[in-house]
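Right, one structure below, let's go through it.
The values are calculated or read from the model by the stated rules, or taken from the named source; none is laboratory data. For clarity, every value in this text was computed on a predicted model and none was experimentally measured. Glycine gets a Cβ as well: all are built from the backbone with ideal geometry, and neighbour counts include every protein chain shown. The area values use the complete protein model at the heavy-atom level, side chains included, leaving out ligands, DNA and RNA. Shrake-Rupley method; radii C 1.70, N 1.55, O 1.52, S 1.80 Å.
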Amino acid sequence: MPDVNMQVELAGVTLKNPVVVASGTFGFGREYSQFYDLGELGGICAKGLTLHPRNGNPAPRIAETPMGILNSVGLENPGVDAFIKEELPFLRGEGLPYKKRFETKIIANISGNTPEEYGIMCEKLAEAGVDMIEVNISCPNVKAGGLAYGTRPELAAEVTETAKKHAGGVPVMVKLSPNVTDITEIARAVEGAGADALSLINTLRGMRIDVNTRRPVLKMNTGGLSGPAVLPVAVRMVWEAAQAVKLPILGMGGVSKGTDAAQLMLAGASAVAVGTALFADPFAPLKVRDELAGLAARQGLASVSELTGGVRPW
Ligand SMILES: Cc1cc2nc3c(=O)[nH]c(=O)nc-3n(C[C@H](O)[C@H](O)[C@H](O)COP(=O)(O)O)c2cc1C
């Protein structure tokens, strides 16, 4: 089979292949680096960061569901400063006998309580030299009574604008929440506010109840659904967003196979992220990459990027 060019562009950043790992499912790469060279990945969306360290929510905070999981981890993380001081150098391969061990792109993922917090984190991360900043807007806006930024176009736009202003030229990718009636409304607002790319989808709100104890299975009662069960929702939302805006899209939600990734790309994604599949198989992103390359080769494509937006709707 002829070689397929696997390189793709996402908001001006060149990824060696279109498969990145999703935020919150890969930590900061340390555990996974024991399995393979992280430089095999197109990119790494690091675990979600907040301005200050967070312990996250009480356990149980992960539960299995048919073809998926519910989580209410609640952004447990060491804070943006600890990431810059301890985790980013590791991801950059500094201190190793040979430089730049991990030839991959580092995408920091941030969550804030206020637009100001997003701005401060963007400044710090831009100065630290990450390749891209993924702005998670599935976070409660403390000032607006806990309403999630990602559910209101004007709030999503405000966060995007602030992030952009403080990111010093580092591309800003805004991660959309699927828990909305019309994803195109939010996508347009974020584009209008200057975002460089979109990523979607984050998790879908869900709940499981133990019928014997009558207690919700998660201590927080509800959580976010991810895994293969959400793939069709992700494909639909990427398709809708791709038609509404010109921004490049990082598609995610339920990817565990090459054909899953291809569906998201045909719907309009330039690259894809693998999340929950990592919990069953740490090698999932490499498997997805190789299967995607095989699929593109069988279809006679010179470049995998030819899949992007290639769906032929009825
Ligand atoms: C345990 C867990 C933690 C997550 N943490 C974050 C996070 O910190 N920031 C974020 O933007 N998304 C987070 N997500 C969402 C994923 O990045 C991804 O958008 C979602 O899980 C859908 O992809 P998947 O079905 O491949 O997992 C998390 C998901 C899981 C399962």
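The protection proxy used here, the mean number of other Cβ atoms lying within 10 Å of each residue, ranks peptides 16-23, 297-304 as follows, highest first: 16-23, 297-304.
Quantify how much of the Cα-Cα distance distribution of the chain extends past 33 Å, in percent. Walk me through the numbers before you get to the answer.
Working: 9194 of 49141 pairs.
More than 33 Å apart: 19 percent of the Cα pairs in the chain.
In this structure the amide hydrogen of Thr65, modeled in the peptide plane, comes within under 5 Å of the amide hydrogens of Leu70, none closer than 5 places in sequence on its chain.
In order along the stretch 117-131, the Karplus-derived 3J(HN,Hα) couplings, from 6.51 cos²θ - 1.76 cosθ + 1.60 at θ = phi - 60°, round to 4, 4, x, 4, 5, 4, 4, 5, 6, 5, 5, 6, x, 6, 7 Hz, and Gly and Pro are given as x.
What full-extension length gain, to one decimal in nm, is calculated for Gln34 and Lys143 as 0.36 nm per residue of separation minus the Cα-Cα distance?
Working: separation 109, 0.36 × 109 = 39.24 nm, distance 4.20 nm.
Gain in length upon complete extension: 35.0 nm.
In the stretch 152-251, the portion of solvent-accessible area held by carbon and sulfur atoms comes to 49 percent [1.4 Å probe, whole percent, DNA, RNA and ligands not counted]. Using θ = phi - 60° in the Karplus curve 6.51 cos²θ - 1.76 cosθ + 1.60, the 3J(HN,Hα) couplings for the stretch 36-47 round to 7, 5, 5, x, 6, 7, x, x, 10, 7, 6, 3 Hz; x is entered for Gly and Pro. Per-residue surface analysis assigns Phe283 an accessible area of about 90 Å², computed on protein heavy atoms at 1.4 Å probe radius. Give the residue from Asn5, Val255, Ile69 lying farthest towards the positive end of the charge dipole for the chain; charges sit on Cβ (+1 for Lys and Arg, -1 for Asp and Glu) and the dipole is referred to the Cα centre. In the chain, that residue is Ile69. Lysines near Lys175 by alpha-carbon distance under 24 Å, same-chain residues fewer than 8 away left out - which ones? Reachable lysines: Lys16, Lys47, Lys105, Lys124, Lys143, Lys164, Lys165, Lys246, Lys257.
Each residue of the stretch 4-15 was assigned a 3J(HN,Hα) from its phi angle through the Karplus curve 6.51 cos²θ - 1.76 cosθ + 1.60 (θ = phi - 60°); the sequence is 9, 6, 8, 5, 9, 10, 9, 6, x, 9, 8, 9 Hz, with glycine and proline shown as x.
Given the chain, what percent of its DSSP beta bridges are antiparallel, to the nearest 5? Within the chain, antiparallel bridges account for around 40 percent of the total.
How much net charge surrounds Thr222 when only the other residues with a Cβ under 12 Å from the Cβ of Thr222 are counted, with Lys and Arg +1 and Asp and Glu -1? Spell out each step's value before the answer.
Numbers: positive: Arg61, Arg205, Arg208, Lys219; negative: none.
Result for the local shell: +4.
Taking a ≥ b ≥ c as the square roots of the Cα gyration tensor eigenvalues, the stretch 151-276 comes out oblate, since a/c reaches at least 1.5 and a/b does not exceed b/c. Assuming R0 = 35 Å, can you tell me the calculated FRET efficiency for the pair Glu64 and Lys85, based on Cβ-Cβ distance, to the nearest 0.05? Approximately 0.50, to the nearest 0.05. Looking only at the stretch 65-94, which residues have a backbone nitrogen under 18 Å from a spot 7 Å from the Cα of Thr213 in the C-beta direction? Inside the label zone: 65, 70-73. Taking all protein chains as shown and a probe of 1.4 angstrom, Lys257 keeps an accessible surface of around 90 Å². Distances between placed amide hydrogens fall under 5 Å for Ser199 paired with Val174, Lys175, Leu176, Leu250, all partners being 5 or more residues away or on another chain. Once backbone amide H atoms are built at 1.01 Å from N, Asn141 has Gly146, Leu147, Ala148, Tyr149 as its partners under 5 Å, excluding neighbours fewer than 5 places away on the same chain.
Test of understanding: extend the Cα→C-beta vector of Asp281 to 7 Å, then name every residue of the stretch 252-272 with backbone N under 19 Å from that spot. What the label zone holds, given the 19 Å backbone N cut-off, is 252-265, 272.
Only helices enter this figure: runs of n ≥ 4 DSSP H residues, each worth -39500 (n - 2.57), summed and divided by the residues of the chain, yield -8000 deg cm²/dmol at 222 nm to the nearest 500.
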